[in-house]
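Below is one structure; the comments refer to it alone.
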Amino acid sequence: MKKFSSLFLTIIIFGLIVSLASAQTEPPKMQLPVLTTSAGQSADINTLNVVLEQAGVMYDYCDVPTVDMVKAGVGLGGQESGSGFHVEILTELDKYPKGTAFKSIILAIGASLKGMGASGLTIEDELKRVSSLIKYCTENKILIIAVHAGGESKRGADGSNNERMIDAVAPYADYIIAVKDSNKDGRFSKIAEEKKIPYSEATYALDIVTLIEQIYN
Amino acid sequence: MSREWIQKSLLICIVMTITILSGVQFYRHRHFQLPIVAGPGVTKVTMLSDYCQSLKGTPADTRVFFMEGAEEGGKTLIIANTHSNEPAAILAALIFIENAMVDRGSLIVIPQFNNSGSRNTKPGDGYVLFFDIPTEWGSKRFRMGNRNAAPLDQWPDPDVYVHYPDKKLFSFLDARNTNRTWPGRENGLLMEKVTFAAMELMRTEGVDVAIDIHGAETMFPVTNCIVAPKKAMRIATITSMIVNAREGFENHVEPSPKSFRGLSHREIGDFSETMPFLLEAPLPFLDQPTGPKTEALLLDGKDPFLLSLSKQKKLFVPYDSTGWSMEKRVGQHCSVILELMNQFSRRNRERSIIVSQVPKYAEIIERGVGFYYKDPDKADRERIYYN
């Protein structure tokens, strides 16, 4: 009986290792300039921006960019921060002058009613905005990176705001990154497997720094 | 002697006995003096009223400990016991006062910010009046205070508290809450004088970072977190990521709401150059659906009702039969404070603050909080300050 149990345990552990290895893939290479933004207006966009800062990757950031702003490229057409609207132009302008087309976009997924409210958005507005952005990026070969760094607190029941936001972004991404706590139910690894999207799982949000360093060299 | 007269006399005697017994306890609590041993890093001790004359001689005046490094640098202010019923704050502050060595810049600590609140209690909730922290030389006794200042010290309460300067309306109780009276005013209510004095301290001393330490219910969403306004958000975020990855505890970041006035993390940032942070550690003692508010609940945070609620996913923090101990709370505060200073220093080299000899989360959990307190009986008399 004991022998049978240990054999059974070994098979399970082996199976887990194999499934984990097959779920996670080699990170793809991405190019600059990059735009960071939020899908759902949660505070996880701050985590994403800090991750890029730690990785030494300079970026443009806007919490609610429109398709026209993305079309305008680096500098976002001269947009400035205002009430419920935040812009930061940190891209190295000597390498990528204003107007240079973005090569990649990183979306921090996480729905926050407080965050959306501050930007004057409902969940429907935000889903529509994010979908139009993704459509434009896909059509114009701007690679999309979906990041979920909020863990369990930014997950929810089927049909919840957080899950709808994941559905709006993750299946259309060119690369998905999630922290371990975000993928406890295998949500992101399943999407990646089904849609054949490269996927990386980070134990902690701080570990995303290494992944960003790798993809942007 | 009529039967009615005997009954009335007996009743008066019972009421008087209860009043005298409880009155003696409240008197002892209000007048209990906590000895604080100034550690080797403390270079001077002043009073908060040095920054606001109208505070001098009032029961709200409190001590300010300075630890100045040999090298010029930035300055950090640690504010503890803004709410005196959240005592992990003063326990963490005392670890800094009794142990910290500052090599560069300065550390300023106010261990009992709402001094009047620390001499108040909440009889309706059956609060304990004191709690003891075991140490290697015996136990160190602390007053368990209340959220608001004592009505004895700031009387009468207004019908509604009108915040200065924004004119937002708050409950009358918030007139005695030093986390609603920021930025304060020199000739306002007593608690407005306390916060005004702290603002003056930050402005005149050129404080770079202010950290206000709190505790919050496990059923309240703003718990186990760092609250920061936009200008302090990046430092709070990287601090949260680092303590999570390197020290193994979660401490998420909450943005400071712009329209909620009177809070330290809002007003300090808006009315000075200082970068404010407010730390919240889970405090099961404050939750409403708990058993009796005993010293054990305060120290170990174990409660069967919260455990049941946790199983129903009603809490905002992970909670199991191990509760949420004082060591965990104090350890989190010490680690987060050290990391906030470290991250500030990395971004502002010329204003960096280098502090050593302060234990972190894992060490405090392993050795206990009391391990870091000095025995006042063996300390130099001139280095003991009563608060």
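The values are calculated or read from the model by the stated rules, or taken from the named source; none is laboratory data. Everything numeric here is computed off the predicted structure, so don't read it as measured data. Please note: Cβ atoms are built from the backbone with ideal geometry, for glycine as well, and neighbour counts cover all protein chains shown.
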- prompt: Restricting attention to region B:376-387, does a residue exist that is closer than 22 Å to B:Thr223 by Cα and under 22 Å from the mean Cα position of the chain (by Cα)?
  reply: no
field: Filter result (over 14 Å from B:Ala281 (Cα atoms), surrounded by fewer than 22 Cβ atoms within 10 Å (Cβ to Cβ) and more than 10 Å from chain A (Cβ to nearest Cβ)) within region B:218-258
entry: B:Lys231, B:Glu247
query: Name the residues in region B:158-192 that are touching a residue at least 40 places away in the same chain (Cβ under 8 Å), surrounded by fewer than 24 Cβ atoms within 10 Å (Cβ to Cβ), outside any strand (DSSP E or B) and of a type in the set (A, V, I, L, M, F, W, C), would you?
result: B:Leu190
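Yes/no per residue for (1) touching a residue at least 60 places away in the same chain (Cβ under 8 Å); (2) out of contact with any Pro (no Cβ under 8 Å at 6 or more places or on another chain):
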residue: A:Leu76; (1), (2): no, no
residue: A:Lys98; (1), (2): no, yes
residue: A:Gly120; (1), (2): no, yes
residue: A:Arg129; (1), (2): yes, yes
residue: A:Ser153; (1), (2): no, yes
- request: Go through A:Ala55, A:Ala43 for me and flag whichever is farther than 16 Å from B:Met233 by Cβ, within 14 Å of another protein chain (Cβ to nearest Cβ) and aliphatic (A, V, I, L, M).
  value: A:Ala55
query: crowded, with 24+ Cβ neighbours inside 10 Å and either farther than 21 Å from B:Phe65 by Cβ or without any contact (Cβ under 8 Å) to a residue 60 or more places away in the chain (or both): does that describe B:Gln343?
result: no
task: Evaluate the following for A:Val64: is it farther than 19 Å from B:Arg346 by Cα and away from chain B (no Cβ under 13 Å)?
output: yes
- line: Of the candidates B:Arg104, B:Arg141, B:Arg119, the one satisfying the condition of being more than 25 Å from B:Ala216 (Cα to Cα), among the basic types (Lys, Arg) and surrounded by fewer than 24 Cβ atoms within 10 Å (Cβ to Cβ) is B:Arg104
- request: Report the residue count in region B:35-63 for those that are part of a strand (DSSP E or B) and either over 16 Å from the mean Cα position of the chain (by Cα) or surrounded by fewer than 23 Cβ atoms within 10 Å (Cβ to Cβ) (or both).
  value: 7
task: Determine whether A:Ser132 is more than 15 Å from the chain's Cα centre (by Cα), at negative phi and within 14 Å of chain B (Cβ to nearest Cβ).
output: no
Residue that is polar (S, T, N, Q) and within 30 Å of B:Gly126 (Cβ to Cβ), where the choices are B:Asn99, B:Asn81: B:Asn81
- request: Please find, within region A:202-217, the residue that is surrounded by the most Cβ atoms within 10 Å (Cβ to Cβ) out of those that are within 14 Å of chain B (Cβ to nearest Cβ) and among the hydrophobic types (A, V, I, L, M, F, W, C).
  value: A:Ala205
query: When the residues of region A:42-66 are filtered to those that are assigned to a helix (DSSP H, G or I) and among the polar types (S, T, N, Q), which remaining residue is farthest from the chain's Cα centre (by Cα)?
result: A:Gln54
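Yes or no, residue by residue, for (1) of a type in the set (Val, Ile, Thr); (2) surrounded by 22 or more Cβ atoms within 10 Å (Cβ to Cβ); (3) free of Cβ contacts under 8 Å to residues at least 24 places away in the same chain:
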residue	(1), (2), (3)
A:Pro27	no, no, no
A:Gln31	no, no, no
A:Thr37	yes, yes, no
A:Val67	yes, no, no
A:Gly73	no, no, no
A:Glu80	no, no, yes
A:Val87	yes, no, no
task: Could you check A:Ala21 against (1) within 14 Å of chain B (Cβ to nearest Cβ); (2) modelled with pLDDT under 95 and say which number it fails?
output: (1)
Checking B:Leu189 against (1) within 18 Å of the chain's Cα centre (by Cα); (2) away from every other protein chain (no Cβ under 14 Å), the condition it does not meet: (1)
statement: Counted residues in region B:64-103 being among the polar types (S, T, N, Q) and in a helix (DSSP H, G or I) come to 1
Output for region A:67-83, where each listed residue is assigned to a loop (DSSP other than H, G, I, E, B), farther than 23 Å from A:Lys135 by Cα and either at the interface with another protein chain (Cβ under 10 Å from one of its Cβ atoms) or among the small types (Gly, Ala, Ser) (or both): A:Ser81, A:Ser83
- prompt: Residues in region B:375-387: is at least one out of contact with any His (no Cβ under 9 Å at 6 or more places or on another chain), within 17 Å of B:Ile97 (Cβ to Cβ) and surrounded by 23 or more Cβ atoms within 10 Å (Cβ to Cβ)?
  reply: no
task: Return yes when B:His214 is more than 24 Å from B:Ser335 (Cα to Cα) and either more than 14 Å from chain A (Cβ to nearest Cβ) or modelled with pLDDT of 95 or more (or both) and no when it is not.
output: no
field: Tally of residues being of a type in the set (Asp, Glu) and within 15 Å of B:Val102 (Cα to Cα) across region B:314-338
entry: 0
